[in-house]
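**Q** Quick one: this structure, given as structure tokens, is what I'll be asking you about.
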Amino acid sequence: MEEQESIQSDNQAVSHDKCFHCGEQTIINPVEYDGKVFCCDGCKTVYSLLKDNDMENYYSLEENPGISLKNIKISPNSYVVLDAPDVVESLLSIKTDKVAKVTLKLPNIHCASCLWLLENLYKFQEGILSSRVNFMKKEAVISFDPNIMSLKQVAQLLAAVGYPPELNLGTINAEETGMSPASKKMLYRLGVAGFAFGNIMLMSFPDYLHIDEHASDVALRAFPYMNFVLAVPMVFYSGWDYLDSAWKGIKSRHLNMDVPISLGFLALFFRSAYEVFAGVGTGYFDSLAGLIFFLLIGKWFQDRTYRKIAFDRDYRSYFPIWANKMVDGEEVPTALNQLTKDDIILVRNGEMVPSDGQLIEGKGLIDYSFVTGESEPVKVDKGEKVYAGGYQQGPAIQIALLTDVSQSYLTNLWNNDAFVKEKERPASALSDVVGRRFTYVILMIAFLTLFYWLPRDWSLAIYAFTSVLIVACPCAISLSIPFTLGNVLSVLGRNRIYLKNTMVIEDLAEINHIVFDKTGTLTQKGLHFSERKRLTPYQKRLVKTLVLQSNHPISRLLQQEMDVTPFGRITDYQEVLGYGVKGIVDGHQVEVVSGAFEGEQTGTQIRIDGQVVGSFLTIDKLRPKVKELFADLRQKYKLSLISGDNDSAKGLMSELFAKAGSMYYEQKPEDKLNFIEELKRQGDKVMMVGDGLNDAGALKMADVGVVLTEEGNNFTPASDLILSVNKLPKLADILTLSQKSIKVIYKAYLFALIYNIIGLSFAVRGLLSPVIAAILMPLSSITVVLIGVILSTLLLKKMDFSQNNDTNHQTRV
């Protein structure tokens with residue numbers, strides 16, 4: 001209560017000559033409300049909304065944090081285009097009976113208070129469920145209840161609080177072509193700086209050549225003033241991005257790297273202006289012009305270089321997940337990047353829908369928790385739309401794809417905050433510390449340099465002060481991680497080894513304990529049927545219809561074993577982890593469940609209407625090159641086995657694991673999760689390797705969760721690394737690569753440290769021109785980035801992840 005009163009008293013103290021909400025000067029027709037002054041009704045409305053919803057602490061984040069709404073006109077007809085169903089459909093990423101989700105561009109986002117306001121939208125309007133802001137992209141992902149409000153009302157609400165969405169309807173779902181507006185603006189500013197730089201240098205020749213005595217007095221007086229005129233647009237147009245970023249950083253109490261850069265060229269500008277107008281010299285406009293021009297060239301060159309080695313994973317990347325494409329009535333396992341619009345796919349129980357589609361066969365029960373966070377499955381009838389990222393929770397269905405698969409969309413879902421494992425990573429922690437403190441250290445050194453030289457040489461003081469501010473750069477440190485590890489991420493992805501993000505590489509480097517699942521991970525299975533009971537052709541049809549709904553390895557083996565035509569319909573289908581599958585087929589209760597095999601041996605039983613009509617054992621054999629893999633792993637890591645199966649393969653597994661105590665059988669999914677949790681409690685950094693079918697909890701609990709895929713759609717968002725099964729022998733190399741990649745980053749850090757020490761040693765003594773500093777700064781960042789990319793590429797080539805192990809691919813039984 002006292003804090004609230006304090007906030008209100010502080011608010012009352014704000015000057016009444018400017019808008020309480022946005023800070024704009026209220027010169028004409030000020031609006032008064034609640035004892036405060038506003039520049040327009042829009043700002044007053046936002047304030048009243050905040051007050052009515054007990055959100056006045058928004059104004060305690062910073063002084064006048066809002067955006068002026070003078071020029072934002074909202075009427076009942078605003079965003080009328082969003083009344084069209086086809087437009088709404090094209091904008092929404094998902095829509096169910098309870099939730100709709102949209103990503104909107106909000107150009108007015110500019111500071112921390114924007115984030116706070118937008119992520120509290122749900123307090124304004126009952127229909128808003130959640131909102132997440134991407135500050136860098138100036139985008140917001142908003143979930144809302146379509147029963148309470150429409151997309152048009154969402155857009156109007158955003159406009160009402162000062163963030164009108166930018167609807168570029170002509171490019172929805174299209175590939176971006178041509179040059180972006182930001183790139184064009186960069187070139188315009190670079191052009192102005194280049195023009196000013198060339199002419200200022202030309203008019204500075206009298207100083208360079210000492211030809212004062214040969215020039216007229218008028219020319220001598222005119223050139224410095226003309227240089228000043230050219231410098232004004234160069235500083236306040238070409239250099240505006242630096243000034244704007246620095247000012248926003250200061251307002252938000254965060255001194256970013258643009259603060260010392262801006263101080264540097266403002267010091268040169270005002271010192272030069274003073275000399276010209278005071279008649280004591282011609283100033284340093286040539287150095288200022290060169291400084292800004294080369295800074296912009298460096299920025300442009302950096303952007304070009306970074307785009308060349310960009311590692312964003314999109315439709316061109318390999319995503320090692322398959323879907324079952326239907327071709328002439330037959331299933332054909334197809335990689336996601338080969339699926340196109342109008343393809344028909346089969347989606348079994350527990351499998352993910354890879355792209356938006358229309359249900360054409362079966363009844364959908366879709367779990368959209370991966371996309372919306374809503375855990376209750378949604379019923380989908382024939383002819384209705386199914387959205388990408390949903391999981392079928394029932395019998396197999398067939399879907400006709402409405403769009404090509406967007407792997408970048410699936411990757412973004414995978415990187416949702418709900419699945420991020422928060423922890424401190426040493427390399428990132430060092431980068432964060434340097435990034436936060438570097439600017440303060442540089443400002444301190446710069447001002448100490450200035451105060452040291454001022455009594456001795458005013459001109460040298462300005463030169464040294466500016467050079468220190470420009471030459472020192474933490475960018476090399478902050479860029480080393482994304483580009484070095486990003487390059488590793490990209491190359492591994494092209495070789496069927498797909499990591500969620502660069503943080504996974506840092507986590508892999510710290511692993512000391514690896515836990516393996518058995519079935520589908522270390523072993524491949526065959527089936528041995530009981531000789532006592534043989535299935536009739538009719539019974540085989542019943543069983544095949546049942547197991548076709550499941551994605552479990554045993555179900556897949558049974559599908560291949562039953563060489564009959566299945567029935568077309570199944571009802572009351574259930575799949576119980578660790579137990580089996582059951583359902584009603586052609587009026588009969590059919591079950592494939594754990595049970596006795598010819599006596600006391602535990603196997604799998606086939607039951608029809610409660611009667612056991614057959615049984616079989618699964619026969620395990622090791623995957624190719626697994627023994628060689630474990631020979632490497634045993635030397636460096638603790639190893640454990642945890643399996644839901646019985647111990648029939650204990651002898652086989654004993655060859656791999658050093659001691660019998662490290663093997664656990666007949667473990668339920670919750671047992672696996674608890675086992676991982678206990679290892680972490682003991683201080684181990686744990687990797688869990690499984691097939692993702694009944695170990696999602698353990699995968700999420702582990703520091704790194706690895707899922708093996710084999711012509712199947714067993715993708716789980718709890719995983720951190722998806723590994724094509726024929727790449728399993730490369731697991732030890734992946735761990736080694738991660739450790740060496742972190743060493744590459746530390747080498748880049750060392751280079752950046754040496755560069756800054758040498759550069760500052762010259763700058764503080766006044767031996768480094770600001771123009772040379774402006775050239776060195778981007779070159780240092782580019783050099784560090786290239787060092788990381790080149791060294792990581794050499795590591796990747798040395799380990800030969802491109803080697804194709806398809807000859808070792810599992811042979812079907």
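**Q** Looking at the stretch 731-770 only, could you name the residues that are surrounded by fewer than 20 Cβ atoms within 10 Å (Cβ to Cβ), farther than 30 Å from Ala461 by Cβ and of a type in the set (S, T, N, Q)?
**A** Correct list: Thr736, Gln739.
For (1) in contact with a helix residue (DSSP H, G or I) (Cβ under 7 Å, 6 or more places away or on another chain); (2) modelled with pLDDT under 75; (3) farther than 20 Å from Val102 by Cα, each residue gets a yes or a no:
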position	(1), (2), (3)
Ala388	yes, no, no
Leu402	no, no, no
Ser408	no, yes, no
Ser431	yes, yes, yes
Val434	yes, yes, yes
Ile442	yes, no, yes
Pro455	no, no, yes
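**Q** Somewhere in the stretch 590-604, is a residue among the charged types (D, E, K, R) and under 41 Å from the mean Cα position of the chain (by Cα)? Write out each step before concluding.
**A** Step one: of the stretch 590-604, the residues among the charged types (D, E, K, R) are 591, 598, 600.
Now narrow it down to the ones that are under 41 Å from the mean Cα position of the chain (by Cα): none.
No, there is no match, as no residue in the stretch 590-604 is among the charged types (D, E, K, R) and under 41 Å from the mean Cα position of the chain (by Cα).
**Q** Mind checking whether some residue in the stretch 235-257 is over 30 Å from Arg348 (Cα atoms), in contact with a Pro (Cβ under 8 Å, 6 or more places away or on another chain) and modelled with pLDDT under 80?
**A** yes
**Q** A further question on this structure: Test of understanding: among Phe311, Phe294, Phe319, which residue is modelled with pLDDT under 80, assigned to a loop (DSSP other than H, G, I, E, B) and either crowded, with 21+ Cβ neighbours inside 10 Å or in contact with a strand residue (DSSP E or B) (Cβ under 6 Å, 6 or more places away or on another chain) (or both)?
**A** It is Phe319.
**Q** Next question. Which of (1) on the phi > 0 side of the Ramachandran plot; (2) assigned to a helix (DSSP H, G or I) does Leu795 not meet, given it meets every other one?
**A** Leu795 satisfies every listed condition except (1).
**Q** Taking the stretch 570-586, which residues are surrounded by fewer than 18 Cβ atoms within 10 Å (Cβ to Cβ) and not hydrophobic (A, V, I, L, M, F, W, C)? Steps first, please.
**A** First pass over the stretch 570-586, keeping only residues surrounded by fewer than 18 Cβ atoms within 10 Å (Cβ to Cβ): 571-572, 574, 576-579, 584, 586.
The answer is Thr571, Asp572, Gln574, Gly578, Tyr579, Asp586.
**Q** While we're here: Only residues in the stretch 515-539 that are closer than 26 Å to Lys680 by Cβ and open to solvent by less than 60 Å² (accessible area, probe 1.4 Å) count as the first member; pair them with residues that are hydroxyl-bearing (Ser, Thr, Tyr) and assigned to a strand (DSSP E or B), Cβ under 7 angstrom, at least 6 apart or cross-chain, and list the lot.
**A** Val515/Ser640
**Q** While we're on this one: Restricting the search to the stretch 26-52, which residues are in contact with a Cys (Cβ under 8 Å, 6 or more places away or on another chain), modelled with pLDDT of 70 or more and farther than 20 Å from Leu157 by Cβ?
**A** Pro30, Val31, Val37, Cys39
**Q** Looking only at residues that are open to solvent by less than 20 Å² (accessible area, probe 1.4 Å) and within 28 Å of Val689 (Cα to Cα) in the stretch 587-598, which one is modelled with the highest pLDDT?
**A** Going through the stretch 587-598, the residues open to solvent by less than 20 Å² (accessible area, probe 1.4 Å) turn out to be 590, 592-593, 595, 597.
In the following step, the residues that additionally are within 28 Å of Val689 (Cα to Cα) were identified as 592-593, 595.
Working: Val592: 91, Val593: 88, Gly595: 77.
Ranking the qualifying residues of the stretch 587-598, first place goes to Val592.
Per-residue answers, yes or no, for (1) at pLDDT 75 or above; (2) over 20 Å from the mean Cα position of the chain (by Cα); (3) among the aliphatic types (A, V, I, L, M):
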residue: Ile74; (1), (2), (3): no, yes, yes
residue: Asp86; (1), (2), (3): yes, yes, no
residue: Thr96; (1), (2), (3): yes, yes, no
residue: Cys114; (1), (2), (3): no, yes, no
residue: Leu117; (1), (2), (3): no, yes, yes
residue: Lys137; (1), (2), (3): no, no, no
residue: Ala140; (1), (2), (3): yes, no, yes
residue: Asp145; (1), (2), (3): yes, yes, no
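**Q** Right, something else. Among Asn487, Asn551, Asn495, which is the only one that is in contact (Cβ under 8 Å) with a residue 12 or more places away in the chain, more than 30 Å from Ala246 (Cα to Cα) and touching an Asp or Glu at 6+ places or on another chain (Cβ under 7 Å)?
**A** Values: Asn487 fails: touching an Asp or Glu at 6+ places or on another chain (Cβ under 7 Å); Asn495 fails: touching an Asp or Glu at 6+ places or on another chain (Cβ under 7 Å).
Asn551 is the lone residue from the list that is in contact (Cβ under 8 Å) with a residue 12 or more places away in the chain, more than 30 Å from Ala246 (Cα to Cα) and touching an Asp or Glu at 6+ places or on another chain (Cβ under 7 Å).
**Q** Still on this structure, please answer the following. Condition (residue is free of Cβ contacts under 8 Å to residues at least 12 places away in the same chain and open to solvent by 20 Å² or more (accessible area, probe 1.4 Å)) applied to the stretch 665-672: is it met by at least one residue? Reasoning before the result, please.
**A** Within the stretch 665-672, the first condition is being free of Cβ contacts under 8 Å to residues at least 12 places away in the same chain, and the residues that meet it are none.
There is no residue in the stretch 665-672 that is free of Cβ contacts under 8 Å to residues at least 12 places away in the same chain and open to solvent by 20 Å² or more (accessible area, probe 1.4 Å).
**Q** Read through the list (1) modelled with pLDDT of 85 or more; (2) surrounded by fewer than 20 Cβ atoms within 10 Å (Cβ to Cβ); (3) among the hydrophobic types (A, V, I, L, M, F, W, C), then give the number of the only condition that Leu779 fails.
**A** Tallying (1) modelled with pLDDT of 85 or more; (2) surrounded by fewer than 20 Cβ atoms within 10 Å (Cβ to Cβ); (3) among the hydrophobic types (A, V, I, L, M, F, W, C), Leu779 fails exactly one: (1).
**Q** If you scan the stretch 523-579, which residues turn out to be hydrophobic (A, V, I, L, M, F, W, C), assigned to a helix (DSSP H, G or I) and either over 13 Å from Gln605 (Cα atoms) or touching a helix residue (DSSP H, G or I) at 6+ places or on another chain (Cβ under 7 Å) (or both)? First the steps, then the outcome.
**A** Taking the stretch 523-579 as the starting set, the residues that turn out to be hydrophobic (A, V, I, L, M, F, W, C) are 527, 529, 535, 542-543, 546-548, 554, 557-558, 562, 564, 567, 570, 576-577.
Add one more test, that the residue is assigned to a helix (DSSP H, G or I), and what stays is 542-543, 546-547, 554, 557-558.
Leu542, Val543, Leu546, Val547, Leu557, Leu558 - these are the residues of the stretch 523-579 that are hydrophobic (A, V, I, L, M, F, W, C), assigned to a helix (DSSP H, G or I) and either over 13 Å from Gln605 (Cα atoms) or touching a helix residue (DSSP H, G or I) at 6+ places or on another chain (Cβ under 7 Å) (or both).
**Q** Check whether at least one residue in the stretch 193-208 is closer than 30 Å to Leu82 by Cβ, modelled with pLDDT under 80 and open to solvent by less than 70 Å² (accessible area, probe 1.4 Å), and report yes or no.
**A** No, every residue in the stretch 193-208 fails to be closer than 30 Å to Leu82 by Cβ, modelled with pLDDT under 80 and open to solvent by less than 70 Å² (accessible area, probe 1.4 Å).
**Q** Name the residues in the stretch 599-658 that are modelled with pLDDT under 85, part of a loop (DSSP other than H, G, I, E, B), exposed (fewer than 14 other Cβ atoms within 10 Å of the Cβ) and in contact with a strand residue (DSSP E or B) (Cβ under 9 Å, 6 or more places away or on another chain), would you?
**A** The answer is Glu655, Ala658.
The values are calculated or read from the model by the stated rules, or taken from the named source; none is laboratory data. As the structure is a computational prediction, the values presented were derived from the model and not from experiment. Heads up, the Cβs are rebuilt from the backbone with ideal geometry, glycines too, and the neighbour counts pull from every protein chain shown. Areas reflect the complete protein model, heavy atoms only, side chains present, ligands, DNA and RNA absent. Shrake-Rupley method; radii C 1.70, N 1.55, O 1.52, S 1.80 Å.
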